[in-house]
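Below: the structure, in structure tokens.
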Amino acid sequence: MGISYKLDNFEGPLDLLLHLIEKNKVSIYDIPIVLITEQYLEYVSHLETEDMGLMSEFLVMASTLLDIKSRMLLPAQEDEEGEEEDPRAELVARLLEYKMYKQMAATLQEMEDGAQQHLYKAPTVPKEVARYEAPVDLDELLDGLTLARLQSIFESVMKRQTDRVDPIHSKFGNITREPVSLEKKIGSIMDYARTKRKFSFRQMLSGQSSKTEVVVTFLAVLELMRMGHIRLTQEKLFEDMDIEVTESGMNPEALNLEGLEDF
């Protein structure tokens, strides 16, 4: 039976075998090995290529087909379960696997070609959504900052306040001060922060006039950190920390001070 060839049409020996099986309209599970081997060898005899790797693949398959052909001429052998072994079984398994991957590749190619025909509308985001700001991530905001470190700075400032008290004149009596407003303290810190953009945490606490004001200032800093209006950074362990105002902190309208108490 004569067959026509297109020598550059096959990617390898398995591709050629599938073509011959489909061309002769035979079942892949019952390959007429004599016919397919003859057509395969005829194709290989016409193959002209300088790729020795590709040529060796076709020659290895040719020897495999001749081996299967010779084994089919011998009496059938039985496996451990007493069933006759088919010399073509291993080849059939390889062909089925190759055919499966080839069909999958064709499906993916069709999907890729179809995707090029899809057009997508340009995104239009409503102004309300565009202005949305994600909630403050406290873990990211306080990364590298520990409560122990904050407490250490706070205790250091409190000790300085104690050392500044005159042991003699302090016994003359106490003048009651008006309650310190946490709301006003937050406002004053933010006004100062928007002007300086970055300043020392220890220096800011040291500038307070009393223990109560130091405590309120400390609480104000924690509240502003919680709201995401400022961030604290520390270059080296046990050194002073810098306070830096965030983008949201630069907007006075974003500062919500409802529900804060005075001290």
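The values are calculated or read from the model by the stated rules, or taken from the named source; none is laboratory data. On a predicted model such as this, the values are computed, not experimentally measured, just so you know. Note: ideal-geometry Cβ built from the backbone for every residue, glycine included; neighbour counts use all protein chains shown.
The residues in region 104-148 that are modelled with pLDDT under 70 and among the charged types (D, E, K, R) can be counted, and the count is 4. Scanning region 23-81 for residues that are of a type in the set (Gly, Ala, Ser) and over 22 Å from GLU97 (Cβ atoms) yields SER45, SER70, ALA76. Note on region 35-56: among residues that are surrounded by 12 or more Cβ atoms within 10 Å (Cβ to Cβ) and aliphatic (A, V, I, L, M), the one that is nearest to LEU91 (Cα to Cα) is ILE36. Mind checking whether some residue in region 86-95 is over 48 Å from the mean Cα position of the chain (by Cα), within 16 Å of GLY12 (Cβ to Cβ), surrounded by 10 or more Cβ atoms within 10 Å (Cβ to Cβ) and in the same structural domain as GLY12 (by TED's automatic domain parsing)? No, every residue in region 86-95 fails to be over 48 Å from the mean Cα position of the chain (by Cα), within 16 Å of GLY12 (Cβ to Cβ), surrounded by 10 or more Cβ atoms within 10 Å (Cβ to Cβ) and in the same structural domain as GLY12 (by TED's automatic domain parsing).
Can you work out which of the residues in region 112-132 that are among the β-branched types (Val, Ile, Thr) and not in a helix (DSSP H, G or I) is surrounded by the fewest Cβ atoms within 10 Å (Cβ to Cβ)? Among those residues, the one meeting the criterion is THR124.
Selection of region 245-263 for residues being in contact with a helix residue (DSSP H, G or I) (Cβ under 8 Å, 6 or more places away or on another chain), farther than 11 Å from LEU182 by Cα and either at pLDDT below 80 or surrounded by fewer than 15 Cβ atoms within 10 Å (Cβ to Cβ) (or both) yields SER248, GLY249, MET250, PRO252, ALA254, LEU255, ASN256.
Among the residues of region 190-241, the ones that are in a helix (DSSP H, G or I) and of a type in the set (Phe, Trp, Tyr) come to 3 in all. For LEU59, the stated conditions hold: it is surrounded by 12 or more Cβ atoms within 10 Å (Cβ to Cβ) and of a type outside the set (Lys, Arg).
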